[in-house]
Amino acid sequence: MSFKFFLSKCSNVIFLVLLITVANNHSLSAPKELPGTEILSWNGDIASRLIDNCDQFLLKKIEQAVKKRNSSSAIPDREKLKNIIGIRDKRTQNPKLYLSNIENIESEYSIRLFRVQVFEGVSSEGFLIEPKKFTETTIFISDPESLATTKIPQILAANGHRVFVPILIDRKTRHNKITNREFLYRSSFELGRHIIGYEVQKVLAIIDALENDKLSIGVAGNGEGGLISMYSSAIDERIKKAWVIGHFGPRERVWDEPAYRNVFGLLNHFGDAEIARLILPRKLIIEPSKSLNIETPRGTGGKPGKLPSFKSEDVEYEIKRAGLSAGDINDYLEHKVKAHEPMTLPVDQLGDLQQRAFEEIDRHNQQLLTKSAELRKQFLSKMDTSSLKKFEQSMEPYRKYFGEEVIGLFEDKYADPNPRTRLLNETEFFTSYEVVIDVFGGSNNLFAYGILTIPKGIQNGDQRPVVVCQHGLEGRPQSTIGKKEYHYYKAFSTELAKLGFVTFAPQNIYIFQDRFRGLQFKANAIGKTLFSIMVPQHQQITDWLGSLDFTDKNRIAFYGLSYGGKSAMRIPPLVDNYCLSICSADFNEWVWKNASTLSKYSYVWTGEYEIFEWDLGSTFNYFEMAALIAPRPFMVERGHFDGVAPDETVAHEYAKVRNLYSAKLGIGDRTEIEWFVGPHTINAKGTFKFLQKHLNWPIKK
């Protein structure tokens with residue numbers, strides 16, 4: 001072959017390549033933005049920008065909630081306080097006070113141990129410091145960190161007070177690097193209880209045991225003990241006076257404190273001044289004092305947080321807001337304190353009290369867990385399954401409760417979506433756009449972001465079904481569309497688009513670890529959750545999707561993996577634009593998974609410290625959430641080797657769903673579970689058929 005002939009052949013090949021390239025460029029000619037939208041010009045990481053936006057949104061909401069509360073003339077609600085700190089267990093009637101032999105004898109008082117039953121299986125224990133003559137009783141609650149060095153209860157005893165010193169749960173670590181207080185908080189919170197409530201109950205049980213005692217009873221404490229003494233006094237009017245040391249101050253940043261200080265909805269109703277008003281006109285002494293240096297650092301598996309160190313002017317402002325002035329031990333005693341140089345408390349005599357106290361609360365929580373299914377059954381007792389119409393009517397109050405009391409819905413008006421888009425990718429099968437839309441406007445602005453994938457070949461007037469494809473923990477919309485995390489997601493957004501579905505992959509806000517987890521505690525402070533943000537985002541997303549010329553607003557489905565599966569259980573109940581929901585790699589006995597301290601599958605052991613939701617134990621497990629989705633189609637996708645939970649707990653909870661759909665409502669064809677041999681992943685088989693069936697879309701052969 002001559003060199004001239006070789007060049008001729010090469011020229012022909014190059015010409016053919018150029019022709020193919022031109023043809024391809026001609027066929028892949030999607031506009032830079034979706035028609036009818038503005039161009040998206042944002043640079044940088046939009047997911048990171050979204051988390052910052054949510055953070056600012058919640059801080060403004062906290063500011064507004066505090067301003068509204070402070071301007072209210074309403075009397076603080078004692079029953080509300082009892083409820084949000086989990087005081088629900090009935091205490092033992094007329095409990096007996098058990099005393100040990102005298103451990104120490106000082107010249108002015110003796111020290112021994114005491115124990116009194118709070119309720120079955122849980123006791124209040126600690127020191128009793130008893131002078132030979134006493135005229136009053138004080139329950140002094142020491143912060144766990146200062147118990148070994150405190151001298152305040154001894155000084156009180158030397159000044160004529162009989163002093164009980166109940167022991168609080170300490171901040172040491174027993175499981176992983178999670179403090180004992182946070183560990184107990186976790187399962188308690190899920191079950192509608194709280195470590196604060198338990199320790200208040202321990203104080204009140206002492207008062208119960210002294211019911212026939214005619215002496216005046218006061219409560220005092222420092223640090224964590226200051227919190228417990230203040231809450232105890234606010235709740236029980238048998239307490240005649242209180243002395244709070246080194247705790248009182250503004251609570252607007254309660255979200256920055258350790259997890260065990262997280263009280264759902266606290267700031268809507270209570271700052272420290274409002275709690276103080278529940279004590280007044282009884283005597284209340286606020287003593288500003290340097291806070292203990294207590295901090296949970298990042299990387300321990302627990303929530304990062306620290307006890308606040310308030311500026312003096314901020315403490316003074318809160319004291320003034322309560323209508324008080326600062327005081328000290330002289331004000332509490334109502335006379336000048338008598339000088340006394342005591343020995344420290346004999347903490348070595350406590351033995352295994354800390355372990356026993358920890359195990360008692362843990363055991364009590366596990367007993368509550370075993371009873372929780374019956375509580376949820378009672379809660380759902382007004383569900384009427386005699387007909388589909390009556391069923392839907394009977395579920396509306398539950399849906400309202402779920403939205404307002406469990407998820408927490410904001411009342412903001414939706415903004416014009418003002419969609420901004422830009423071309424992300426184009427193939428012979430589909431075109432993808434990045435999309436940003438406004439959710440709320442004005443000073444409380446909030447936006448949503450995701451990727452819209454449109455199949456090729458949609459004819460004018462053709463309206464396609466839509467599948468919203470939701471990523472999991474630390475995921476992104478991009479996770480669902482390509483090779484990056486194919487082992488989890490199987491590119492299910494693009495695979496569904498290849499079958500003819502329009503798909504949208506939203507950016508949910510569970511990304512960037514501590515950054516998003518901190519949002520949960522900001523939201524909790526005002527009775528809201530992460531889903532308080534994601535529900536309106538999905539409402540606006542589906543409203544916008546339904547308005548597009550090429551989509552059918554009545555055929556929009558939700559399909560989520562892992563944390564997206566959690567979303568599948570919580571968002572569709574409150575966004576009725578979703579005509580069906582698929583929960584992949586998450587469905588299980590959710591309350592058990594969060595509250596059990598006996599199972600290796602439980603979240604109590606993990607670093608996902610934001611996962612716990614207030615009082616689901618007596619309200620909504622996954623069956624009850626599925627009942628809010630019904631009678632819309634609902635499916636579970638479950639891999640046998642998924643580490644979320646064992647097969648038996650998944651089957652146990654799904655059996656209730658199947659019973660509701662099939663036996664009670666007669667719509668068994670609307671629910672399925674697919675078991676497959678595989679791990680924590682999209683399987684993309686039975687679920688795809690489920691979508692094609694219920695979205696009335698032909699199966700391609």
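Please treat every number below as a calculation from the coordinates, not as lab data. Values in this document were obtained by computation on a predicted structure and should not be read as measured data. All Cβ positions, glycine included, derive from the backbone under ideal geometry; neighbour counts span all protein chains shown.
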Hz values of 3J(HN,Hα) by residue in the stretch 179-187 - Karplus curve (6.51, -1.76, 1.60), Gly and Pro given as x: 4, 4, 5, 5, 4, 6, 4, 4, 5
Residues Thr503, Thr597, sorted so that the one with the fewest Cβ neighbours within 10 Å comes first: Thr597, Thr503
Nitroxide proxy distance, nm - points 7 Å out along Cα→Cβ at Asn83 and Lys484: 4.3
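For Val439, Val219, Val347, Val66, what ranking results if the residue with the fewest other Cβ atoms within 10 Å of its Cβ goes first?
Val347, Val66, Val439, Val219
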Calculated FRET value between His340 and Glu313, using beta carbons and R₀ = 30 Å, to 0.05: 0.35
Calculated [θ] (222 nm, deg cm²/dmol) that DSSP helices of n ≥ 4 give over the chain, each run adding -39,500 (n - 2.57): -11000 deg cm²/dmol
Positive-end extreme of charge dipole, the chain - chosen from Pro166, Ile629, Ile319 (charges on Cβ): Ile629
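For the stretch 381-694, just say rounded, prolate or oblate: build the C-alpha gyration tensor, square-root its eigenvalues into a ≥ b ≥ c, call rounded for a/c under 1.5, and beyond that prolate if a/b exceeds b/c, oblate if not. Could you put the intermediate results ahead of the total?
On the way: a/c = 1.30, a/b = 1.22, b/c = 1.07.
Because its axes are fairly even, with a/c under 1.5, the stretch 381-694 counts as rounded.
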Note, ³J(HN,Hα) from phi for the stretch 224-231, Karplus 6.51, -1.76, 1.60, rounded to Hz, x at Gly and Pro: 4, x, x, 4, 5, 5, 5, 5
Which of Trp675, Trp544 has the fewest Cβ neighbours within 10 Å, and the rest in rising order: Trp675, Trp544
Two-site label geometry, Asn554 and Asp647: point separation in nm, points 7 Å out along Cα→Cβ: 4.0
Length added when fully stretched, Ser547-Asn70, from 0.36 nm per residue minus Cα-Cα: 167.5 nm
Centre separation in Å (Cα based) which lies between the stretch 377-419 and the stretch 261-281: 29
Shape of the stretch 474-565, Cα gyration tensor, a/c cut at 1.5: oblate
Range of Cα positions in the chain per principal axis (Å), largest first: 117, 57, 55
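How large is Rg over Rh for the stretch 78-372, taking Rg from the Cα atoms and Rh as the Kirkwood inverse mean of 1/r across Cα pairs? Don't skip to the end; give the middle numbers.
On the way: Rg = 18.0 Å, Rh = 19.3 Å.
The Rg/Rh ratio comes out at 0.94.
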Inter-part distance where the stretch 427-452 and the stretch 152-171 are each reduced to a Cα centre, Å: 59
Amide H contacts under 5 Å for Lys303, placed H, 5+ residues apart: Ala259
Amide H contacts of Ile556 (H built 1.01 Å from N, under 5 Å, at least 5 apart or other chain): Val466, Cys579
Three-way shape label, the stretch 321-370, alpha-carbon gyration tensor, a/c 1.5: oblate
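Given charges of +1 on the Cβ of Lys and Arg and -1 on the Cβ of Asp and Glu, with all other atoms neutral, how large is the dipole of the stretch 381-694 about its Cα centre, in debye to the nearest 20? Numbers along the way, then the final one.
Numbers: 34 positive and 36 negative charges, 76 e Å.
Taking the Cα centre of the stretch 381-694 as origin, the dipole is about 360 debye.
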Under the Karplus curve 6.51 cos²θ - 1.76 cosθ + 1.60, θ = phi - 60°, whole-Hz ³J(HN,Hα) for the stretch 163-170, x wherever Gly or Pro sits: 10, 9, 10, x, 8, 7, 4, 7
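Using r as the Cβ-Cβ distance of Glu392 and Arg321, and R0 as 56 Å, what FRET efficiency do you calculate, to the nearest 0.05?
Values: r = 47 Å, r/R0 = 0.84.
Approximately 0.75, to the nearest 0.05.
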Whole-angstrom gap from the stretch 504-539 to the stretch 48-95, using each part's C-alpha centre: 18
